[in-house]
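Undergrad: This structure is in structure tokens; I'll ask about it shortly.
The values are calculated or read from the model by the stated rules, or taken from the named source; none is laboratory data. Quick caveat: nothing in here was measured; it's all calculated off a predicted structure. Don't worry about glycine lacking a Cβ; one is built from the backbone with ideal geometry, like all the others, and counts go over all protein chains shown.
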Amino acid sequence: MSHSFEPVAAKYLAAKKLSSGTCKEYRGTVTKWASWGKGVDVDQIGRSHLREFLDWVHEKATANGGSNAGRAANKSRENLRVILSWAWEQDYLEKLPRFPKPKPQRNVAGRHYLTTPI
């Protein structure tokens, strides 16, 4: 039986006790997935879908003037990995797809994160 990504992610969020900030991040990734518009059923997600989605997130963050588009793509990558791992444990899919490598990002923290790159 096929399941789309959004309901599986909602089941994951309901099954786990997450902080409100973490929950908001996951919901943001699910919203991006829905906005991407090329979503396939969870059991059909492959590396090519993940790569296209993460490239789209990176391009969108760059177009919106983000100074660290790599971080946006990498956060979405991590969130997808967690949701799909949970879906695999719950037998929504038979095997996990290989994930593309993370994108380069600025590794800064605190108030310096909001400054322009040197």
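Undergrad: Considering only residues of the stretch 63-103 that are more than 27 Å from V42 (Cα to Cα), surrounded by 11 or more Cβ atoms within 10 Å (Cβ to Cβ) and not hydroxyl-bearing (S, T, Y), which is modelled with the lowest pLDDT?
TA: G66
Undergrad: Further question on the same structure: How many residues does the stretch 29-39 contain that are free of Cβ contacts under 8 Å to residues at least 12 places away in the same chain and either hydroxyl-bearing (S, T, Y) or surrounded by 12 or more Cβ atoms within 10 Å (Cβ to Cβ) (or both)? Spell out the reasoning first.
TA: Step one: of the stretch 29-39, the residues free of Cβ contacts under 8 Å to residues at least 12 places away in the same chain are 31, 35, 37.
From the residues that got through so far, the ones that are either hydroxyl-bearing (S, T, Y) or surrounded by 12 or more Cβ atoms within 10 Å (Cβ to Cβ) (or both) too are 31, 35.
Residues in the stretch 29-39 being free of Cβ contacts under 8 Å to residues at least 12 places away in the same chain and either hydroxyl-bearing (S, T, Y) or surrounded by 12 or more Cβ atoms within 10 Å (Cβ to Cβ) (or both): 2 in total.
Undergrad: Also, I was wondering about something else. Tell me, yes or no, whether the stretch 48-57 has at least one residue that is hydroxyl-bearing (S, T, Y) and surrounded by 18 or more Cβ atoms within 10 Å (Cβ to Cβ). Show your work before the answer.
TA: First, pick out the residues of the stretch 48-57 that are hydroxyl-bearing (S, T, Y): 48.
Keeping just the survivors that are surrounded by 18 or more Cβ atoms within 10 Å (Cβ to Cβ) gives none.
Checking the stretch 48-57: not a single residue is hydroxyl-bearing (S, T, Y) and surrounded by 18 or more Cβ atoms within 10 Å (Cβ to Cβ).
Undergrad: Output the residue which, of all residues in the stretch 1-20 that are hydroxyl-bearing (S, T, Y) and under 15 Å from L80 (Cα atoms), is surrounded by the most Cβ atoms within 10 Å (Cβ to Cβ).
TA: Taking the candidates together, the pick is Y12.
Undergrad: Further, regarding this structure: Would the stretch 58-79 turn up any residue that is under 18 Å from E6 (Cβ atoms) and either more than 9 Å from the chain's Cα centre (by Cα) or of a type in the set (A, V, I, L, M) (or both)?
TA: no
Undergrad: With the requirement that a residue be small (G, A, S) and either touching a Leu at 6+ places or on another chain (Cβ under 6 Å) or modelled with pLDDT of 90 or more (or both), what does the stretch 5-51 give you?
TA: Residues satisfying the conditions are A9, A10, A14, A15, S19, S20, G21, G28, A34, S35, G46, S48.
Undergrad: Give me the pairs, please: first residue somewhere in the stretch 81-107 and on the phi < 0 side of the Ramachandran plot, second residue anywhere and surrounded by fewer than 16 Cβ atoms within 10 Å (Cβ to Cβ) and hydroxyl-bearing (S, T, Y), beta-carbon distance under 7 Å, and either six or more positions apart or on two chains.
TA: L96/S85
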